[in-house]
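Undergrad: One structure follows; several queries about it will come next.
No value in this document is a laboratory result; all are computed from the given coordinates. All values derive from a computational prediction rather than experimental measurement. So basically every Cβ, Gly included, is an ideal-geometry build from the backbone, and we count neighbours across all protein chains shown.
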Amino acid sequence: MTVFSHPISFVKEAAPLVRLCWEMGWNEANGGNFSWRLPTSEIEGILARHYPDLIPGPANPIPIDEPGLDSEYFLVTGSGQFFRHAIDHPNQVFGIVQIVAGGTAWRQVWGFSSGARPTSEFAMHLVAHAVRKRVSNGRERMILHSHLPEFIALSFLAPLDSRALTRALWEKMPECIVIFPDGVRVVPPLLPGTVEIAEASAAELERSRIISWSHHGIFVSEESPDRIFALVETIEKAASIHRRILGAGGAKQVIPTEILKQLSEKFAALMVARPEFLDEE
Ligand code: 2HA
Ligand code: ZN
């Protein structure tokens with residue numbers, strides 16, 4: 001395998017993740033998007049060293065003000081860009097933007113070599129970063145939106161309900177409750193890219209790193225490429241098991257609640273939250 005390299009260490013890490021998402025069948029064509037809140041002094045140092053002549057672009061207003069993100073830098077995929085091209089054309093697929101003017105605007109500082117702008121979901125990503133930066137005390141830095149086939153299929157087969165979906169996934173694979181104890185929060189069908197879906201999503205992101213955009217895909221927040229990939233692949237695996245069971249006429253039995261409780265006690269130290277949907281209704 002050719003080793004991918006890039007002067008910007010964050011692009012070097014993000015491009016293989018983004019390309020892998022395409023290989024997994026999660027991000028077809030220009031579907032989905034990715035962003036990474038970069039450590040400020042590190043990215044400023046890298047840009048000054050490798051791209052000393054960069055001139056930041058003009059300020060573009062953000063639909064929803066995010067004062068909590070003022071002066072932050074984001075590596076972000078471009079609107080219309082293909083995840084499939086991330087390794088071959090990283091400087092075209094990705095850009096780096098900085099939030100300026102007290103969190104009311106962004107300006108481009110690097111990338112988007114073919115003239116793209118940040119993803120059409122950029123305002124949504126910023127809303128999510130603001131919520132999850134606060135809720136996770138700064139740990140989470142990365143957002144991935146993917147069109148997962150098995151996970152999307154479930155939104156046509158099962159109730160659009162956070163508790164029902166979370167329990168259905170937890171009860172199919174013992175790893176699930178440990179890897180996503182915060183559960184999957186369901187956002188009802190709303191038009192992508194609107195302020196309305198951003199607000200509904202922000203409310204759910206207060207409770208979990210993982211939201212389902214019904215009939216559309218998953219939107220998750222995590223710390224690093226490895227963690228975000230592991231989280232999404234586990235959810236998609238559980239969704240595929242659940243969907244196969246539904247397709248075969250439904251489960252004859254599931255992992256008992258008692259075992260889920262024991263798992264969440266045994267692995268409590270590894271878990272990001274206490275599971276909320278374990279109590280009886
Ligand atoms: O095409 O996935 O949600 C980008 C998207 C919009
Ligand atoms: Zn999408």
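Undergrad: Which entries in the list LYS172/LYS261; LYS133/LYS172; LYS133/LYS261 go over 25 Å, if you measure between the two C-alpha atoms of each?
TA: The answer is LYS133/LYS172; LYS133/LYS261.
Undergrad: Viscosity 1.306 mPa s, temperature 10 °C: what is the translational diffusion coefficient of the chain from Stokes-Einstein with a Kirkwood Rh over Cα pairs, rounded to a whole number of µm²/s? Mind showing how you got there, number by number?
TA: Details: Rh = 19.4 Å.
For the chosen part, D equals 82 µm²/s.
Undergrad: So, by mean Cβ neighbours within 10 angstrom, what's the order for 256-267, 4-15 with the highest one leading?
TA: Final packing ranking: 4-15, 256-267.
Undergrad: Could you pull out every whole DSSP H run in the chain that spans at least 20 Å of Cα extent along its own axis and averages -0.5 or higher on the Kyte-Doolittle scale? Can you show the working numbers first?
TA: Values: long enough: 9-23 (22 Å, 0.41); 225-247 (32 Å, 0.15).
Those that clear 20 Å and a mean of -0.5 are 9-23, 225-247.
Undergrad: So what are the radius of gyration and Dmax for the Cα set of the stretch 7-116, in Å?
TA: In order Rg, Dmax, the Cα atoms of the stretch 7-116 give 13.8, 39 Å.
Undergrad: If you don't mind, another one. Step by step: find N for the stretch 138-233, compute 2.2 N^0.38 Å, then divide the Cα radius of gyration by it. What's the final number?
TA: 1.01
Undergrad: SER136: net charge of surrounding residues, Cβ under 14 Å, Lys/Arg +1, Asp/Glu -1, itself excluded?
TA: Neighbour charge sum, excluding SER136 itself: +4.
Undergrad: Output the relative contact order of the stretch 146-225, whole-number percent, from Cα pairs under 8 angstrom with separation of 6+ residues.
TA: The normalised contact order for the stretch 146-225 reaches 35 percent.
Undergrad: Another question, if that's okay. Dipole size in debye (nearest 20) for the chain around its Cα centre, Lys and Arg Cβ +1, Asp and Glu Cβ -1?
TA: 380 debye
Undergrad: Find out how many positive minus negative residues lie around ILE255, taking Lys and Arg as positive, Asp and Glu as negative, among other residues whose Cβ is under 13 Å from that of ILE255.
TA: Working: positive: ARG167, LYS172, LYS252, LYS261; negative: GLU171, GLU175, GLU258.
Taking every Cβ under 13 Å from that of ILE255, the sum is +1.
Undergrad: Taking amide H atoms as placed 1.01 Å from N in the peptide plane, list the residues 5 or more away in sequence, or in a different chain, whose amide H sits under 5 Å from that of VAL100.
TA: For VAL100, whose amide H was placed from the backbone, the distant partners under 5 Å are SER71, ALA105, TRP106, ARG107.
Undergrad: Take the alpha carbon atoms of the stretch 224-254, find their center, do the same for the stretch 123-192, and report the distance between the two centers in whole angstrom.
TA: First find each Cα centre; the distance between them is then 12 Å.
Undergrad: Note down the relative contact order for the stretch 205-281 as a percent, whole number, built from C-alpha pairs under 8 angstrom at least six residues apart.
TA: Relative CO of the stretch 205-281 lands at 13 percent.
Undergrad: Among TRP110, LEU160, VAL100, which residue has its Cα furthest toward the positive end of the charge dipole of the stretch 67-181, with +1 on Lys/Arg Cβ and -1 on Asp/Glu Cβ?
TA: Positive-end residue among those listed: VAL100.
Undergrad: Would you grab the residues whose amide H sits under 5 Å from the one on SER212? Only those 5+ places off in sequence or on another chain, please, with H modelled 1.01 Å from N.
TA: ARG185, VAL186, VAL187
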